[in-house]
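Taken together, the values in this text are just the output of simple stated rules run on the coordinates, not laboratory data. Computed from a prediction, not measured in an experiment: that's the story for all the values here. In this analysis, Cβ positions are derived from the backbone assuming ideal geometry, glycine residues included, and neighbour counts consider all displayed protein chains.
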Amino acid sequence: MRSPSEPPESGPPPDYRHAYPVFLIMGGLLVVALAVRAWLVPETFGEFGYYRGAALDEAKVRTSRYLGRQACAECHDDVAALHAKDAHGSVECETCHGPGSAHVEDAENVLPRADRQQDCLVCHRRLDARPGSFPQIDRDEHFRLVGVTNAATACVRCHSGHEPLFMNKDLRTARLHPLIHACGDCHLGRQDQTLKQPAGHPQIFQCSYCHADVSASAAKAEHHAIACTTCHLFIKENAFSGRIVRDTDPRFCLLCHGQADFRSQDGPPLITWPGHLADVSEETPDPTRACVDCHQDQIHDLFEKEVSHGL
Amino acid sequence: MGCDCAGMMTRREMIQRLVTGATGSLLVWTFPALAAEGEDPRDRPLYAYAVDTTRCIGCCACMRACRAENDVPDGCFRTWIERYRVRANGEVLVDVAAGDDHVFEEDPVPDTVKAFFVPKLCNHCEKSVCSQVCPVGATYETPEGVVLVDQKRCIGCGYCVQACPYGTRFIHPTKHYADKCTLCYHRISRGELPACVLACPKGVRIFGDLHDPESRLSTMLKQRRYRVLKPEMGTHPKCYYLDLDFEVV
């Protein structure tokens, strides 16, 4: 074979016919390669990157099963309005009731989850890993306190799932107590994560520290065995949280004192609210009356003095 | 050996140019994305996720919502919650919600000094290992930063399951493709929240757009302390854990 650097020689034009098979083979290989590529590489592959572009649209087409509370409120606006005001207001309907789409397809298909204890305890069972500010109970301890004998009693017999605190007032205005409740309120910038009060730490969270008169009278009253926080739930939401039940719905007292078939007679004295009103009223029973209008002395003296914030 | 044909191409040069040109046009033909220019990637959303571990109550509503929304098979998890318990002697105990109901039981551990819950899910890494090892291009990152699996393309070889440092992938037991959290891609592309974010009663899970400086996620990441899991793996995860303790891996 001649090197290209050699000068061209005169004579007949060079004959390349011997190279035709090579071109044919190369061309054939190219066709085969293109055919194999077309067979192996799916359509739209590489449209956006090293993957099938159509997969993006395929991933989008599925319908949503969780619809959000607005969808629930389209039919159940009355319940939604009650629910939004109470302590469970931040909880989506479908968190307890299951996906809304199943209920839309079949009206019967909704989880009545709150009928089972387990479904409330999923969130409210006392666990050491739960943040201390979150309301948690030991079921047995709770039932002993309120005199419930049947351990299988559903939580909804007393607590409405939609209005767990029976609060009539707007949540934000009902929480007026200026107490300090989290470590972070004094220890600025630290999260309230410690499980136990450190040994040797002063007892700064005692109610009697500021409310000495109230707690002294409470110690003599019939409710002396009950912790302040049993009624005055201090749910930590912000620096000024805390709920005072004095002006709230009388049903709050009925949480413990309401007559129910699952209660023993050994626990707190039991009444039915309409029956009790009829018993004590000479005139027409006034359902707006609060228990504390008559029974304040059985609880504690009213708090009247200025709080001394001597912390 | 001299060359008296200066200015002309040698055979070697011509073949080199032909090969270069052919390869280039073949690449652009295969991946039009390489030729795309001018589009600012910041015009698109960049979806990410944050977990506020200080608020988690371990109710596992997220897990139940994920299962219902995405038909996650029994025994497999696209998201789950770990319970960390640290004992006085420094021993760290980790468990997940067992049983069919996925509910944490009391199961007390003596001398627990610190305990908390940590929700886990796919970290939707910026440099995702899973999509790098996939031999058929079935795992990929969408333009919005979500790591997905092309179920039609996946051959179920399981390389990605082994590669993921966070253990978020599994092979679907009946359909035999790799499956994982999609950030509810079908929901977020319609402007809805992922099912787990919707179902969380305590606002632990925060979903948002990193390219939107006003989004709740962007604000959180500006104001709060956070870290990612296993940063030493170089995967650049887009799942940010707020106030997470160092015991968590």
Computed about the Cα centre, the charge dipole of chain B from +1 Lys/Arg and -1 Asp/Glu charges at the Cβ has a magnitude in debye, to the nearest 20, of 280 debye
Reduced to Cα centres, the span from the stretch A:22-88 to the stretch B:103-158 in Å works out to 19 Å
Given the candidates A:Thr95, A:Val36, A:Phe23, the one whose Cα lies deepest towards the positive end of the charge dipole of the stretch A:14-121, counting +1 at each Lys or Arg C-beta and -1 at each Asp or Glu C-beta, is A:Phe23
Counting other C-beta atoms within 10 Å, which of A:Met26, B:Met220 has the fewest, and how do the rest follow? A:Met26, B:Met220
Using a 10 Å cut-off around each Cβ of peptide B:98-110, what is the average number of partner chain Cβ atoms that fall inside? 2
Spin-label model distance (nm) - A:Thr288 vs A:Asp140, 7 Å beyond Cα toward Cβ: 4.6 nm
Compactness check, the stretch B:129-179: C-alpha Rg relative to the 2.2 N^0.38 Å globular estimate gives 1.02
Could you work out the mean count of beta carbons from other protein chains within 10 Å of each residue's beta carbon in B:177-185? 1
How are the alpha carbon pair distances in chain B distributed across 10 Å bins from zero to the largest one, expressed in percent? 6, 25, 31, 18, 8, 6, 4, 2, 1, 0
Pairs to check: A:Lys85/B:Lys230; A:Lys60/A:Lys85; B:Lys175/B:Lys238; A:Lys85/B:Lys238. Give those whose C-alpha atoms are more than 30 Å from each other in this structure. A:Lys85/B:Lys230; A:Lys60/A:Lys85; A:Lys85/B:Lys238
Within 10 Å of the Cβ of an average residue in A:52-65, the count of other chain Cβ atoms is 6
Any idea what the dipole of the stretch B:103-225 comes to, in debye rounded to 20, about its Cα centre with Lys/Arg Cβ at +1 and Asp/Glu Cβ at -1? 160 debye
Tilt of helix B:11-30 relative to the longest C-alpha principal axis of chain B, in degrees (0 to 90, nearest 10)? 40 degrees
When B:Leu121, B:Leu93, A:Leu56 are ranked with the fewest other C-beta atoms within 10 Å first, the list becomes B:Leu93, A:Leu56, B:Leu121
